[in-house]
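The values are calculated or read from the model by the stated rules, or taken from the named source; none is laboratory data. Predicted, not measured: the structure shown is a model, and the values here were computed from it. Neighbour counts run over all protein chains shown; Cβ positions are idealised from the backbone, glycine included. Side chains included, ligands, DNA and RNA excluded: accessible areas come from the protein's heavy atoms. Shrake-Rupley method; radii C 1.70, N 1.55, O 1.52, S 1.80 Å.
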Amino acid sequence: MPMYQPSNRREADMKLDSQVLDLETAVKDGILGGGCGIISTGFASQKLDLKIMIEELESIDVPPVFICPISLEPMQDPVTLCTGQTYERSNILKWFSLGRYTCPTTMQELWDDSVTPNKTLQQLIFSWFSQKYLAMKKRSEDVQGRVKEILENLKKVKGQARVQALKELRQVVQAHGTAKKTVVENGGVGLISSLLGPFTTHVVGSEVIGILVNLNLDSNSKFDLLQPAKMSLMVDILNEGSIETKINCTRLIRMLMEGNDFASENVASLSLLVGLLRLVKDKKHQNGVLPGLSLLKVICSHESVRNSFVNVGAVPQLVELMPELNNECLELVLHLLELLSNIPEGRLALKDCPNTIPNVVKLLMKASENCMQSALSILWTICKFAPEECASLALDAGLAAKLLLIAAAVDMHELALLAMEAGINGGANDVEVGECF
């Protein structure tokens, strides 16, 4: 269970021990927070389980007095020591079993090692969690009912009313996990998907995509969404929508393609490739880079698409991006360039791009091991493709020194081949290794 974060209310400065006489006093003193009513424990004890409530409410801010100082988790069976400090029973007994007869909080030696059940605190904890739990369940029921109403409404309304209904559904789905399940269980995926077509406005399409990207889609739903008319609309919206819509389109298309052996080849149009390149190059909206590169990786896993990707000018654009990327995005770019280096058109484009060798060499000692492996593979491929042209460029970029520094971290066979192609083995081009430092 994740570590609970204490609430920032004034109860952080309060101590709850045997001096708390009853729940009414606790509420008045603010231990539960202002306006926090108490659930009837007689009713709750028959219906609710504290352990389950704690697990389901794990992300909620819990009053510090409910947290065990040892585990930093809510207490279920609090006991108080002779020092007045309270702990979860199992945690303090484990502390004692290790031969420690001190108070973990104050480190005082205990003059009495007995533990006293703190029934008042236990009841208070149960009441607080009961209230929060029942409120959560009520909200969940309200959300499910609202989702059903919206789905029914979508069958009837058109125009701006449809846009408003979709917008509300998108917001509810994004905010509540139960809403996603309700949409799926009530046939919402098919209904919402049916709104995508050749005559769908981009406003409606953007809202539909914003909903679908948050749902768990089955294989039939994915197959339906991969139909040409729907894919064409998604690609158009990707090219013309807001940054949020572009990212949603990218994520949804990736969801549809992943694990589908034929989809990438069938739907990877030039318009899609161009749109994704624009997305990853958008310096004003860096949050689109990772989704865009991730989808391009899926698309380019199909060899038949790579030539089209090269033809839309992907290589120089990706090379120019490299110096500005974080490690995760850099790995994806290098993976893409490595894939493109496996086809003749890709190798030629890499060779002709003036910044390929300088940019790749520059990151050799700065990036992750995966980046380094891909970078070496790219350098070896283009040096082998055009040794006379690329050898001097590699040397000028400082490749010799980098190779010596990373020799212990890479495959020595690949390193030797690369060194030979670059002409730094002591013979080719009359270059001595020592001169490269």
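When the residues of segment 104-140 are narrowed to those that are among the charged types (D, E, K, R) and at pLDDT below 90, which ends up farthest from V62 (Cα to Cα)? So, considering only residues that are among the charged types (D, E, K, R) and at pLDDT below 90, the one farthest from V62 (Cα to Cα) is D112. Residues in segment 318-348 that are of a type in the set (D, E) and more than 16 Å from G292 (Cβ to Cβ) were compared, and the one that is least open to solvent (accessible area, probe 1.4 Å) is E338. Filtering segment 361-403 to residues that are free of Cβ contacts under 8 Å to residues at least 40 places away in the same chain, within 34 Å of the chain's Cα centre (by Cα) and open to solvent by less than 50 Å² (accessible area, probe 1.4 Å) leaves M372, S377.
Cβ-Cβ distances below 7 Å connect the following pairs, each with a first residue in segment 55-67 that is within 19 Å of T105 (Cα to Cα) and modelled with pLDDT of 85 or more, a second residue that is of a type in the set (V, I, T) and not in a loop (DSSP other than H, G, I, E, B), and a separation of six or more residues or different chains: F66/I125.
Can you name the residue in segment 93-116 that is in a strand (DSSP E or B) and of a type in the set (S, T, Y) and is also farthest from I67 (Cα to Cα) among such residues? Taking the candidates together, the pick is T102. Tallying residues that are modelled with pLDDT under 85 and under 18 Å from L334 (Cα atoms) within segment 371-396 yields 2.
Counting the residues of segment 227-252 that are over 20 Å from Q171 (Cβ atoms), among the hydrophobic types (A, V, I, L, M, F, W, C) and open to solvent by 20 Å² or more (accessible area, probe 1.4 Å) gives 1. Applying the criterion of being in a helix (DSSP H, G or I) and open to solvent by less than 20 Å² (accessible area, probe 1.4 Å) to the residues of segment 349-358, the residue that is farthest from V315 (Cα to Cα) is I357.
Contact annotation: residue pairs with Cβ atoms under 6 Å, 6 or more positions apart or on different chains, pairing a residue in segment 96-116 that is among the charged types (D, E, K, R) with a partner that is open to solvent by 50 Å² or more (accessible area, probe 1.4 Å), are D113/Y101. Within segment 85-106, is even one residue among the aromatic types (F, W, Y) and over 38 Å from the mean Cα position of the chain (by Cα)? Yes, segment 85-106 contains at least one residue that is among the aromatic types (F, W, Y) and over 38 Å from the mean Cα position of the chain (by Cα). For segment 117-139, the set of residues classified as among the polar types (S, T, N, Q), surrounded by fewer than 21 Cβ atoms within 10 Å (Cβ to Cβ) and not in a helix (DSSP H, G or I) is empty. Of the residues contained in segment 307-317, one or more are found to be within 30 Å of the chain's Cα centre (by Cα), among the small types (G, A, S) and surrounded by fewer than 22 Cβ atoms within 10 Å (Cβ to Cβ). Being without any contact (Cβ under 8 Å) to a residue 40 or more places away in the chain, polar (S, T, N, Q), over 30 Å from I67 (Cα atoms) and surrounded by fewer than 15 Cβ atoms within 10 Å (Cβ to Cβ) is a property that Q144 lacks. With respect to being at pLDDT 90 or above, outside any loop (DSSP other than H, G, I, E, B) and open to solvent by 50 Å² or more (accessible area, probe 1.4 Å), S90 fits the description.
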